[in-house]
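Step one of this worksheet: look at the structure below.
Every read-out reported here was derived from the displayed coordinates using simple, explicitly stated rules and does not represent laboratory data. Since this is a predicted model, take the numbers as computed values, not measurements. Ideal geometry is used to build each Cβ from the backbone, glycine not excepted, and the neighbour counts take in all protein chains shown.
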Amino acid sequence: MSDRVLLLEDDDDLATITDALVSGAGYEVVRASSVEDAIAECESAQPMVALVDVQLPTRSGWDFVREATRWPDMRIVVYTVHHDEPETMERAAHMKVDAVVGKSSDPMRIVDVIRSFDHRLLENTAKTP
Amino acid sequence: MRTIKRFIPLVVSIAVVVAVALVGLLESAHANARAQQIRRDDRVSEQKDLAGLTNQYVMFALKDAFDFGSITQLSLKPGDPADTAAIRAYVKRSALLNYGGALVGLNGMPFNAYDVGGGLPPVSDPGYVPLRTELLAGKPGVSTVMKVHGVPVVALAVPVQRRGSTLAIFVGYFRADANPLETYNARLQYGKTGQALLVDSSGSVVAASSSSEVGTTFGVGPVLRALDRGESGFLEFTSNGKRMVASYSAVGIGGWGTITTQTASEFFGPIRSGGLHVALALIGLLVVAAAALFLMNHKRQMALAKAYEYKGQLLANTTHELKTPLTAIRGAAVTLGMRWRTMSAEQVDQFLGIIHRRCDGLSKLIERILLGARLEAGREVTLSPAPTEVLGSLRAITSEFKDVSPKHPVLLAAPENVWVNADPEALDQILGLLLENAIKYSPEGGEVRVAAIDGPRSVAISVSDHGVGMSAEDREHIFEPYFRASRGDANRFSGVGLGLSIVRHLVERSGGSISVESAPGQGSTFTITLPKIASPMEHAVSLEGADR
């Protein structure tokens, strides 16, 4: 499994900040601003985790989540300001979503979630005497 | 509690309408009852007149018979042909006693008689009983209706006197079904169902407006008993399932009485149906008023519900709109705090730039919400109209948007030196909001066109996009505040839903108008018109010319 994290985000500022935080934690960030770009990046970069903003101007981030079943090993994290809405939780529960993280929560929370999906860290921890 | 308060005006209004209608109905019922009483009294009065006339007529006949018995030279010898001839002559000339006559001894036995044919009722006929009773009481006698071979006959009796002494009795007879009283009654008309009757003391019909009734018995006991007591009055009763009325009045002779019967519906018809019309009209009014109140209240409730829904959406949208910049500001601050030592100067500038830009965005958002709320509340917004060159304004705003949104080509086509009278800041706000709207709903790379057309009295400025467009139903509400939220695309497009509402208010307060053309998937074109003015430079030139 790679150490790449796909970031599907149309807001440039938020993409820059998340990129800085995630790459600062040692991951390679692959950025996409549309569902089409994100699918193309998945095919080429095979990311370990996808951070998906669902509010996008053309196709919704949920469309990407639906298509992401093509990469069963990739963990999907819905990263949105709508995290506290029942509709978001209900949709996430019925789709292949591994976590829902609020953008307005502690900025480092997203890094913690990515780390929780990182098998290499688990393996290293297991090897530690 | 709030629900109860909301319904108080409706309940009060309905109560007022119901009270007015009830007062109207009661008043109508009261007037109706009075009109009916007047009609009853009129009929009874008429009945008394009729009884009086009958009394006078019978009294005249009795007097005539008395004069015959007392003045005519009668021998009073049983079977005297001269007396018989005198009786015949009297019967021939008598107006009422046209059937026959008889001279009767004080022992009650007839000793001379004449009749027009068919014979006279025998002495044993019970019809003579009241006649005898009256005579013994010293009054003229009147029989009840007697039948001779099916012919109804009535007898009147007077004493035959000579020098104050009664020597015999003269009995005159008339056919109840053919005499002046019957003719008179036959001419009395009381609608289609009315019947005028003259009845004797036993209730037998002496005369009637329908001659077939003569000799039959009038069967309404209370009326007969009242007549027996010499009364007059009015009675409502049921006969063969029909509501009937009867007015009656005693004649004052022999227990006779006049009666008029009619169906209640015909007698009261015009009054009762009039009352019914009033009642129906009031009930109709009540229904219409209640329906109008209900609709008015329902409309108001719907408008309030819509307003509440919109306000709720505003709150939700505003929360979302605040969350994104706050997230960016917080994220940038946290990142700077953690990593500023390892960051390059350019990276630090980049993150500080994010904080700065997003704070500006937040300020604008709050200003827009406040402006939208102020305009919606109808509060005054100070505009300072001034001559503004259209092309210059459009150039400034489009170039600003080219920088903000480089992914959307913004094309401009406008004539030079066209001026409008508008507040420059308001115009910037109007154009900025329209451009922002066009870009928001356009796909990446989607072209946005801004054009101005110079008209005779106004200038039309349009902003077109090739975005998602909208349905006809959405077009009707697109300038309403917070409407965007109800289009079901809240998760796809950000915004609080106040932009186009603000544009409409500012355009209208600038003396212009706004319209939209759009179809789903076909993009939208918003066009505003603003009052045109002459170029200030031309104005200056013409003033210069005038100075020379």
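Sorting the Cα pairs of the protein assembly as shown by distance into bins of 20 Å, from 0 upward, gives 13, 24, 14, 9, 11, 14, 11, 3, 0 percent per bin. With neighbour counts taken as other beta-carbon atoms within 10 Å, the residues B:I283, A:I76, B:I14 rank, fewest first, as B:I283, B:I14, A:I76.
To the nearest ten degrees, helix B:499-509 and the longest principal axis of the Cα atoms of chain B are 80 degrees apart.
Using the count of nearby Cβ atoms within 10 Å as a rough guide to exposure, how do B:S94, B:S249, B:S210, B:S518 rank from fewest to most? List each step's numbers first, then the result.
Numbers: B:S94 19, B:S249 26, B:S210 13, B:S518 22.
With the sparsest Cβ surroundings first, the list reads B:S210, B:S94, B:S518, B:S249.
Assigning unit charges at the beta carbon (Lys, Arg +1; Asp, Glu -1) and nothing else, what dipole magnitude in debye, to the nearest 20, does the range B:326-481 show about its Cα centre?
For the range B:326-481, the charge dipole is close to 660 debye.
Identify all aspartates and glutamates with a Cα-Cα distance to B:K242 below 16 Å; exclude those on the same chain that are fewer than 8 residues away in sequence. Filter leaves B:E266.
How big, in percent, is the set of alpha carbon pairs in the range B:139-273 lying more than 23 Å apart? So the portion of pairs separated by more than 23 Å is 38 percent.
An ellipsoid equivalent to the range B:86-212, defined through the eigenvalues of its Cα gyration tensor, has semi-axes of 27, 15, 13 Å when rounded to whole angstrom and sorted largest first. For the range B:329-343, putting each phi into the Karplus relation 6.51 cos²θ - 1.76 cosθ + 1.60 with θ = phi - 60° gives couplings of 4, 5, x, 5, 5, 4, 4, 4, x, 7, 10, 4, 5, 9, 7 Hz, in residue order, rounded to whole numbers and with x for Gly and Pro. Strictly greater than 43 Å: what percent of every Cα pair in chain B meets that? Taking all Cα-Cα pairs of chain B, the fraction more than 43 Å apart is 58 percent. For the protein assembly as shown, the Cβ-based charge dipole about the Cα centre amounts to some 4340 debye (Lys, Arg positive; Asp, Glu negative; other atoms uncharged). For the range B:21-97, applying the loop criterion from DSSP together with a ceiling of 15 other beta carbons within 10 Å to the chymotrypsin sites (Phe, Trp or Tyr not before Pro) yields no site. With 0.36 nm allotted per residue and the present C-alpha distance subtracted, the B:A519-B:D403 stretch has 38.9 nm of extension available. Since only A:I39, A:A15, A:H82 are under comparison, the one whose Cα sits farthest along the positive direction of the charge dipole of chain A, derived from C-beta charges on Lys, Arg, Asp and Glu, is A:I39.
Take every pair of alpha-carbon atoms less than 8 Å apart whose residues are at least six positions apart; their mean separation over the length of chain B yields a relative contact order of 10 percent. Potential lengthening of the chain between B:N107 and B:L370 amounts to 82.3 nm, from the contour at 0.36 nm per residue minus the alpha-carbon distance. For chain B, the antiparallel share of DSSP beta bridges with both residues in that region comes to about 95%. Judged by the ratio a/c of the largest to the smallest principal axis of the C-alpha gyration tensor, the range A:71-114 counts as oblate, that ratio being 1.5 or greater while a/b is no larger than b/c. One Cα centroid belongs to the range B:111-170, the other to the range B:361-377; the line between them spans 115 Å.
Note on chain A: with charges restricted to the Cβ of Lys and Arg (+1) and Asp and Glu (-1), its dipole about the Cα centre is near 520 debye.
Cross-link partners of B:K440 among lysines, defined as those whose alpha carbon lies under 28 angstrom from its own and excluding same-chain residues fewer than eight positions apart: A:K103, B:K306, B:K311, B:K323, B:K364, B:K402, B:K407. Stokes-Einstein, applied to the Kirkwood radius of the range B:7-141 over Cα pairs at a viscosity of 0.692 mPa s and 37 °C, places its translational diffusion at 163 µm² s⁻¹. The distance linking the range B:20-54 with the range B:400-479 is 80 Å (Cα centroid to Cα centroid, whole angstrom).
Among B:M470, B:M302, the order by Cβ neighbours within 10 angstrom, fewest to most, reads B:M302, B:M470. Dipole of the protein assembly as shown computed with +1 at Lys/Arg Cβ and -1 at Asp/Glu Cβ about the Cα centre; of B:N55, B:G221, B:H505, farthest Cα towards the positive end is B:N55. I'd like to know which of B:A207, B:L181, B:T144 lies farthest towards the positive end of the charge dipole of the range B:133-250, counting +1 on Cβ of Lys and Arg and -1 on Cβ of Asp and Glu. Most positive-ward Cα: B:L181.
Roughly how compact is the range B:310-441, stated as its Cα Rg over 2.2 N^0.38 Å to two decimals?
Numbers: Rg = 18.7 Å, N = 132, 2.2 N^0.38 = 14.1 Å.
Its radius of gyration relative to the 2.2 N^0.38 Å reference: 1.33.
The alpha-carbon positions of the range B:21-72 define a convex hull whose volume is 28 Å³ per residue.
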